[in-house]
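To keep things clear, I will list the structure first and then write my remarks on it.
A short reminder: the numbers here are calculations on the coordinates, not readings from a lab. Treat the numbers as computed from the prediction; the structure is a model and nothing was measured. Cβ: placed from backbone, ideal geometry, glycine included. Neighbour counts: every protein chain shown.
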Amino acid sequence: MKSVLRLATVDPDERSRTVLKSMLVGVDTVWLEAECARYEVFMEVARQTLPDIAVVNLDSNPQRGLQLVGELARSQISCAILVVSSSQEGSLILQAMRNGAREFLNLPLQLEDFVAALDRLRVSLGGVGTEGASRSGTIVTVAGVSGGVGCTALAVNAGAALAIDSENSPVIIDLDLTLGDADVWLDIIPEYTIKDIVESINRLDYGLLKRSLTRHSCGAFLLPRPIELEHAEMIRPDDLRRILSLLKATFSHLIIDVSKSFSRLDMAVMEVSDRVLLVTQLDLSCLRNVIRIMQLLDHYPLIKGKVEIIVNRVGLEDCDISLNKALETIGRSVYWQLPNDYSVMSGARNNGIPLAQFAPRAKLTKAISEMIHRLTAPVDPAGRPVEEPAKKRGGLFGLFAGR
Ligand SMILES: Nc1ncnc2c1ncn2[C@@H]1O[C@H](COP(=O)(O)OP(=O)(O)OP(=O)(O)O)[C@@H](O)[C@H]1O
Ligand SMILES: [Mg+2]
């Protein structure tokens with residue numbers, strides 16, 4: 001699991017404190033370090049626990065709460081301040097922000113609003129190098145230019161490759177809602193699917209979300225497509241965006257296998273993704289589709305800069321077009337090439353074992369692993385790779401991360 005963001009909260013009202021606590025249960029990236037029932041003593045609590053984030057509830061005494069926000073902001077305790085209140089009064093919000101709050105959320109708290117605010121704070125804390133703050137999950141969508149080009153093979157095996165590092169917690173999401181077969185690749189008979197999550201979207205909590213995922217022995221989780229064909233239509237883009245934002249807060253990587261129809265749902269997923277992989281092979285109809293699909297994606301400002309072309313099954317005899325000729329045809333660069341190895345790939349699939357376990361030394365396994373690690377490596381604002389800090393063993397963070 002990812003490293004943990006430590007939180008301390010002050011709220012004299014026990015009921016709303018309990019609501020906050022129950023919301024935090026299951027968010028693996030957040031740890032409630034301290035809770036406090038009095039504004040007067042919170043400075044001391046914060047000094048002793050040095051949280052990454054202080055959550056201040058203003059409702060019991062707005063003036064005293066605002067004063068505390070100011071004291072915290074001026075102090076040496078370099079925590080981000082998140083203010084919550086059931087008041088929507090503009091002057092209160094303005095005053096909280098002027099006093100130094102980074103975020104203001106209205107009560108009752110919505111899980112995804114809360115998670116999104118934590119996510120923003122996590123990014124800003126990460127930016128100043130705060131120890132313990134982590135990035136939220138990276139979303140990679142795998143799309144294909146034609147049926148059978150190898151999207152599911154890539155999504156499943158990229159997820160499994162990431163899972164080798166125990167710091168990672170990748171989820172493979174099967175959004176080929178009618179015909180998806182990621183469960184076959186992982187030999188999983190799912191009990192719950194994405195349909196169960198959507199059905200309970202309004203009372204969604206992390207417990208339910210996690211119960212709907214199945215963990216494979218390789219370490220990757222799977223969120224399967226609905227079992228019944230007709231249930232595919234139940235999944236709407238808004239629901240999906242909510243689910244992804246929640247999964248992002250707890251899992252390190254979301255690898256999404258979309259359909260080949262470039263539907264509204266597929267496009268919505270690509271828009272919220274960090275990277276979009278467009279898988280092709282070196283034959284004429286595939287290459288023609290690369291051009292057509294890139295033209296389509298160019299019309300989507302939230303997608304066009306994220307697309308990378310992956311050429312799969314390089315060396316396949318049927319594909320008589322050379323890579324150079326292909327590059328000339330499509331007029332774009334290729335991000336990665338994956339070799340053709342039918343016996344290894346079909347062996348892995350037929351046994352329901354990902355390549356990382358089935359054939360760890362194969363050239364194809366290594367090519368997929370290198371590609372996904374390179375693609376998801378952290379970068380600085382200028383796009384240069386960032387060196388990960390040396391991992392800490394044990395200690396406070398180790399303890400919480402293993403919870
Ligand atoms: N690099 C590769 N080398 C050899 N065979 C491969 C490779 N990648 C995929 N395959 C094979 O190609 C076939 C199709 O792969 P896969 O199911 O992943 O494609 P897809 O794009 O998900 O198809 P669909 O359109 O049905 O969703 C599978 O039999 C798989 O074993
Ligand atoms: Mg597929």
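Observations, loosely collected:
- Net charge dipole, segment 138-376: roughly 540 debye, given to the nearest 20, about the Cα centre with Cβ charges of +1 for Lys and Arg and -1 for Asp and Glu.
- Summarising the strand pairing of the chain, around 5 percent of its internal DSSP beta bridges are antiparallel.
- Remark: ILE321, ILE81, ILE235 ranked as ILE321, ILE235, ILE81, counting other beta-carbon atoms within 10 Å and listing the fewest first.
- Extension gain, THR329 back to ARG292 (0.36 nm per residue minus Cα-Cα distance, nm): 12.1 nm
- For segment 275-334, the list of GluC sites (Glu not before Pro) that fall in a loop by DSSP and count at most 11 other C-beta atoms within 10 angstrom reads GLU317.
- Extension gain, GLN76 to LEU208: 0.36 nm times the residue separation minus the Cα-Cα distance gives 43.6 nm.
- Förster radius 51 Å - calculated FRET efficiency between GLN48 and ASP274 (Cβ-Cβ, nearest 0.05): 0.85
- Residues listed by number, segment 247-276, amide nitrogen under 20 Å from ARG236 label point at 7 Å toward C-beta: 247, 263-272
- Calculated [θ] (222 nm, deg cm²/dmol) that DSSP helices of n ≥ 4 give over the chain, each run adding -39,500 (n - 2.57): -12500 deg cm²/dmol
- When peptides 364-371, 298-305 are ranked by their average number of other Cβ atoms within 10 Å per residue, the highest-first order is 364-371, 298-305.
- Order by protection proxy (mean Cβ within 10 Å, highest first), peptides 282-292, 14-24: 282-292, 14-24
- Distance between the 7 Å Cα→Cβ label points at VAL379 and GLU89: 4.7 nm.
- Rounded to 10°, Cα long-axis angle of helix 342-351 versus longest principal axis of the chain: 50 degrees
- Ranked by the mean number of other Cβ atoms within 10 Å per residue, highest first, peptides 248-260, 349-361 order as 248-260, 349-361.
- Segment 142-281: C-alpha gyration tensor shape, a/c 1.5 cut-off, then a/b vs b/c: rounded
- Shape call, segment 7-77: gyration tensor on alpha carbons, a/c limit 1.5: oblate
- Prolate/oblate/rounded label for segment 5-127 (Cα gyration tensor, a/c 1.5): rounded
- Maximal additional length on extending the ARG215-VAL123 stretch stands at 30.3 nm, based on 0.36 nm per residue less the C-alpha distance.
- Euclidean distance between Cα centres, segment 358-378 to segment 212-247, Å: 24 Å
- Working from label points 7 Å from Cα in the Cα-to-Cβ sense, the VAL19 to SER200 distance is 2.1 nm.
- Dividing the mean sequence gap of close Cα pairs (under 8 Å, 6+ apart) by how many residues segment 138-376 holds gives a relative contact order of 28 percent.
- Normalising the average separation of contacting C-alpha pairs (under 8 angstrom, six or more residues apart) by the number of residues puts the relative contact order of segment 5-127 at 22 percent.
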